[in-house]
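Have a look at the structure below, then the notes.
The values are calculated or read from the model by the stated rules, or taken from the named source; none is laboratory data. Just so it is clear, the structure is predicted and the values come from calculations on it, not from any experiment. We place every Cβ from the backbone using ideal geometry, glycine too, and count neighbours over all the protein chains shown. Note: accessible area is taken over every heavy atom of the protein model, side chains too, but ligands, DNA and RNA are not part of it. Shrake-Rupley method; radii C 1.70, N 1.55, O 1.52, S 1.80 Å.
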Amino acid sequence: VHTLRDRGFLIMEPATGALTSGDVGKGRFPDTTEILAEFARLTERKMDLVGKKVLITAGGTREAIDPIRFIGNRSSGKQGYAIARDAVARGAEVTLIAANVQLPDISGVHTIRVESAAQMFGELKTEFPKSHILAMTAAVADARPLQMANSKIKKSDYTNIELAQNPDLLAEISSMKTNQVVIAFAAETSHDESQALQKLAAKGADILYLNDVSSGEIFDQETTFGEIFLASGSRIKVAKTTKDTLAHQLLDQALLQLG
Ligand code: CTP
């Protein structure tokens, strides 16, 4: 061991406890979480989400009009994927419900692909009770066609679409909260703080990230800027930064609230 240390190897001390010989003392293989923590210390990577389950929704739902057309939105899923990457790197067990995202799967993340708000809702109901943190980055369509036509609607008949309101997935899911921490997102076309606070409360969220997308600088970009609102009343301004950095910051806040 001395020789190896002299050669620059990093040696972890064995743990103390019952040994296979029947003795009690120093010589046990350290606990996996200890090894991961040591690794994190050495690489300066935080492994502070070991044992935590993080659920994320990403992308934008599509509501079918007919077999060809749909109502959709411009969400790329990049912010949700950034949270998934950070959460898995910090040791969490991560489930990602992805709606119509054109991004490659993240190694170590359980990805469930969905298309519509109804499918996303179904998956959320199954996954949320098993989770510690929910990050609801998905842009959920607020309405869907009242009826989906089974065959292509001809242009002469394509004059109006009757809509039915979709449920607010986040508000419904938050009402099932036991002790999960819920992160909501609000993409607005203005920096409307009072609306952000209203949404935070209405959706039963603990943290809300508000971004003003009016400049077109956020959708499908690698960067973001906005403000984090906490249910406690505190706020944190986020100057232009990467979606990865914001992901890290949001998970830090969620972890603090999880206690
Ligand atoms: N959300 C949801 N279900 C919906 C609409 C939104 O779960 N039917 C979630 C989004 O995933 C996001 C948050 O609620 O985390 C805020 O979404 P946003 O579109 O800003 O809010 P809306 O409730 O749609 O409010 P409005 O359109 O009136 O601004």
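Structure shown: which of 26/52; 78/155; 26/53; 78/203; 46/237 lie over 26 Å apart, alpha-carbon to alpha-carbon? Intermediate values should be presented prior to the final figure.
Details: 26/52 30 Å; 78/155 35 Å; 26/53 33 Å; 78/203 22 Å; 46/237 23 Å.
The pairs that break the limit, which is 26 Å between Cα atoms, are 26/52; 78/155; 26/53.
Between 214, 103, 117, whose Cα lies farthest towards the positive end of the dipole of the chain when Lys and Arg beta carbons carry +1 and Asp and Glu beta carbons carry -1, centred on the Cα centre?
So the residue we want is 103.
Rank 2, 16, 36 by how far each Cα sits towards the positive end of the charge dipole of the range 1-42 (+1 on Lys, Arg Cβ; -1 on Asp, Glu Cβ) and give me just the farthest.
2
Tell me what the chain gives for mean residue ellipticity at 222 nm when only DSSP H runs of n ≥ 4 count, each as -39,500 (n - 2.57), the sum divided by the residue total, rounded to 500 deg cm²/dmol.
It lands at -8000 deg cm²/dmol.
Rounded to the nearest 20 Debye, what is the dipole magnitude of the range 18-89 about its Cα centre when Lys and Arg each give +1 and Asp and Glu each give -1 at the C-beta? Each step should come with its number before you reach the end.
Values: 12 positive and 9 negative charges, 61 e Å.
Dipole about the Cα centre, nearest 20: 300 debye.
Assigning unit charges at the beta carbon (Lys, Arg +1; Asp, Glu -1) and nothing else, what dipole magnitude in debye, to the nearest 20, does the range 104-168 show about its Cα centre?
The calculated dipole for the range 104-168 is roughly 220 debye.
Leaving out ligands, DNA and RNA but keeping every protein chain, what accessible area does residue 115 have, in Å² rounded to the nearest 10, with a 1.4 Å probe?
Ignoring ligands and nucleic acids, residue 115 comes out at about 90 Å².
Among bridges DSSP assigns within the chain, what percent are antiparallel (round to 5)?
Of all bridge pairs located within the chain, approximately 40 percent are antiparallel.
Whole angstrom only: what separates the Cα centroid of the range 120-140 from the Cα centroid of the range 17-59?
Here the two parts' Cα centres lie 27 Å apart.
Heavy-atom accessible area per residue, the range 90-245, 1.4 Å probe: how many Å²?
Working: 8190 Å² over 156 residues.
Ligands and nucleic acids excluded, the result is 53 Å² per residue.
Using a 1.4 Å probe, how large is the accessible area of residue 206, given in Å² and rounded to the nearest 10?
Approximately 30 Å² of residue 206 is accessible to the 1.4 Å probe.
Quick one: work out the % antiparallel among DSSP beta bridges in the range 1-154, nearest 5.
Working: 6 of 24 bridges.
Antiparallel bridges make up about 25 percent of those DSSP assigns within the range 1-154.
What is the sum of charges, Lys and Arg at +1 and Asp and Glu at -1, for the other residues whose Cβ falls under 14 Å from the Cβ of residue 119?
Within the 14 Å Cβ shell, the charges total 0.
About the Cα centre of the chain, how large is the charge dipole given +1 on each Lys and Arg Cβ and -1 on each Asp and Glu Cβ? Please answer in debye to the nearest 20.
300 debye
Considering only 223, 176, 83, whose Cα is most displaced toward the positive end of the charge dipole of the range 70-223, charges sitting on Cβ of Lys, Arg (+1) and Asp, Glu (-1)?
It is 176.
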